[in-house]
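The values are calculated or read from the model by the stated rules, or taken from the named source; none is laboratory data. Note that the coordinates shown come from a computational prediction; the quantities given were computed from them, not determined experimentally. Cβ coordinates were reconstructed from backbone atoms using ideal geometry, including for glycine residues, and neighbour counts include every protein chain displayed. Side chains included, ligands, DNA and RNA excluded: accessible areas come from the protein's heavy atoms. Shrake-Rupley method; radii C 1.70, N 1.55, O 1.52, S 1.80 Å.
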Amino acid sequence: MNDKYIKILKLIKTNLEDNIEWGEYDLYNDYVVKDKEQLLNELKCQVNMCHNCQLGNKRINVVFGIGNVNASLMLIGEAPGYEEDHKGEPFIGKAGQLLTKIINSINYNRQEVYITNIVKCHPKKNIVNCNKRDNNRAPTLYEIKNCVKYLNQQIDIIKPKVIVTLGSSATKGLLNTDINISVVRGSIMKYKDIIVIPTYHPAALLRNNNLKKYVWSDMKQIRKYLLL
Ligand code: URA
């Protein structure tokens with residue numbers, strides 16, 4: 001190697017050592033994390049005040065989303081249920097416990113991913129004398145259309161590598177498609193330039209055990225795209 005290259009290499013080495021000594025890399029990472037957290041917090045404050053549809057008048061908590069702001073994997077469900085409404089956290093009931101197992105099946109944990117819903121408030125059936133835990137309904141198209149703008153902003157801030165839409169409301173709402181979940185599941189779709197892979201909602205698996213094999217096959221596909 002001639003002297004010129006040795007000099008250049010020495011210069012690069014000194015420069016790297018200086019940067020490490022001054023902690024520039026850590027400072028840079030902190031800056032990126034803080035920035036995303038700040039943006040999400042600002043958005044959360046906005047959603048907390050939202051009364052764009054009737055769900056806003058009946059909620060106990062807005063269920064904004066939870067997890068790693070730098071997540072490469074983002075999972076999107078339908079809407080909070082009774083437990084989630086009370087705690088302000090997504091997927092903590094029975095379907096949520098199954099979702100945790102599904103996430104673990106590809107060697108991720110809940111803290112590493114970001115979990116949210118297409119609709120941020122609990123849609124209730126308005127039936128008197130109904131068991132409160134069963135008083136869930138799917139969000140209407142109007143409610144989805146009103147709320148999806150918040151999800152769009154969450155995605156823009158987090159910029160995940162892969163998005164998984166869980167069930168038909170999340171898939172239709174994000175991708176603006178009418179294709180049935182049984183047809184679209186497992187296929188590679190795009191939202192902006194992000195890969196979207198729809199799969200069944202964990203609540204559907206609790207009702208029908210036969211769907212588990214499809215979700216497992218979709219999860220293997222999801223793992224493959226996360227590793228690319
Ligand atoms: N089902 C959902 O779609 N989201 C939740 O947060 C809980 C149950």
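Does residue 146 satisfy the condition of being polar (S, T, N, Q) and open to solvent by 60 Å² or more (accessible area, probe 1.4 Å)? If you could, list the steps in order and put the result at the bottom.
Details: polar (S, T, N, Q): yes; open to solvent by 60 Å² or more (accessible area, probe 1.4 Å): no.
In short, no.
State the number of residues belonging to the stretch 155-165 that are assigned to a helix (DSSP H, G or I) and either of a type in the set (Gly, Ala, Ser) or surrounded by 22 or more Cβ atoms within 10 Å (Cβ to Cβ) (or both). Full working, then the answer.
Just the residues of the stretch 155-165 that are assigned to a helix (DSSP H, G or I), to begin with: 155-158.
Imposing the further condition that a residue be either of a type in the set (Gly, Ala, Ser) or surrounded by 22 or more Cβ atoms within 10 Å (Cβ to Cβ) (or both) reduces the set to 158.
So the count comes out to 1.
For residue 160, which of the numbered conditions (1) under 24 Å from residue 50 (Cα atoms); (2) of a type outside the set (Phe, Trp, Tyr); (3) at pLDDT 95 or above fails to hold?
Checking residue 160 against (1) under 24 Å from residue 50 (Cα atoms); (2) of a type outside the set (Phe, Trp, Tyr); (3) at pLDDT 95 or above, the one that fails is (1).
When you check residue 199 against the structure, is it polar (S, T, N, Q), more than 26 Å from residue 59 (Cβ to Cβ), within 14 Å of the ligand (Cβ to nearest atom) and touching a helix residue (DSSP H, G or I) at 6+ places or on another chain (Cβ under 6 Å), yes or no? Can you show your working first?
Values: polar (S, T, N, Q): yes; more than 26 Å from residue 59 (Cβ to Cβ): yes; within 14 Å of the ligand (Cβ to nearest atom): yes; touching a helix residue (DSSP H, G or I) at 6+ places or on another chain (Cβ under 6 Å): yes.
Taking the combined requirement at face value, the residue satisfies it.
For residue 174, state whether it is touching a residue at least 24 places away in the same chain (Cβ under 8 Å) and under 19 Å from residue 66 (Cβ atoms).
Numbers: touching a residue at least 24 places away in the same chain (Cβ under 8 Å): yes; under 19 Å from residue 66 (Cβ atoms): yes.
The answer is yes for residue 174.
Which one is nearest to the ligand (Cβ to nearest atom), of the residues in the stretch 62-95 that are touching a residue at least 40 places away in the same chain (Cβ under 8 Å) and assigned to a helix (DSSP H, G or I)?
Step by step, filter the stretch 62-95, then rank; the result is 95.
With the structure loaded, tell me whether residue 95 is within 22 Å of residue 199 (Cβ to Cβ), open to solvent by less than 60 Å² (accessible area, probe 1.4 Å) and in contact with a Ser or Thr (Cβ under 8 Å, 6 or more places away or on another chain) or whether it fails that test.
Numbers: within 22 Å of residue 199 (Cβ to Cβ): yes; open to solvent by less than 60 Å² (accessible area, probe 1.4 Å): yes; in contact with a Ser or Thr (Cβ under 8 Å, 6 or more places away or on another chain): no.
So residue 95 does not fit the description; no.
Are any of the residues in the stretch 112-124 open to solvent by 30 Å² or more (accessible area, probe 1.4 Å) and away from the ligand (no atom under 12 Å from the Cβ)?
Among the residues of the stretch 112-124, at least one is open to solvent by 30 Å² or more (accessible area, probe 1.4 Å) and away from the ligand (no atom under 12 Å from the Cβ), which makes the answer yes.
When you go through 205, 211 one by one, which is the residue that is more than 28 Å from residue 42 (Cα to Cα), without any contact (Cβ under 8 Å) to a residue 24 or more places away in the chain, in contact with a helix residue (DSSP H, G or I) (Cβ under 8 Å, 6 or more places away or on another chain) and open to solvent by less than 30 Å² (accessible area, probe 1.4 Å)?
On the way: 205 fails: without any contact (Cβ under 8 Å) to a residue 24 or more places away in the chain.
Step by step, each of 205, 211 is checked, and only 211 is more than 28 Å from residue 42 (Cα to Cα), without any contact (Cβ under 8 Å) to a residue 24 or more places away in the chain, in contact with a helix residue (DSSP H, G or I) (Cβ under 8 Å, 6 or more places away or on another chain) and open to solvent by less than 30 Å² (accessible area, probe 1.4 Å).
In this structure, does residue 129 turn out to be over 19 Å from residue 215 (Cα atoms), within 14 Å of the ligand (Cβ to nearest atom) and modelled with pLDDT under 95? Before you say what the answer is, go through the steps one by one.
Values: over 19 Å from residue 215 (Cα atoms): yes; within 14 Å of the ligand (Cβ to nearest atom): no; modelled with pLDDT under 95: yes.
In short, no.
Among (1) among the polar types (S, T, N, Q); (2) open to solvent by less than 10 Å² (accessible area, probe 1.4 Å); (3) part of a helix (DSSP H, G or I), where does residue 100 come up short?
(2)
When residues of the stretch 132-147 are filtered for being assigned to a helix (DSSP H, G or I) and within 14 Å of the ligand (Cβ to nearest atom), how many remain?
5
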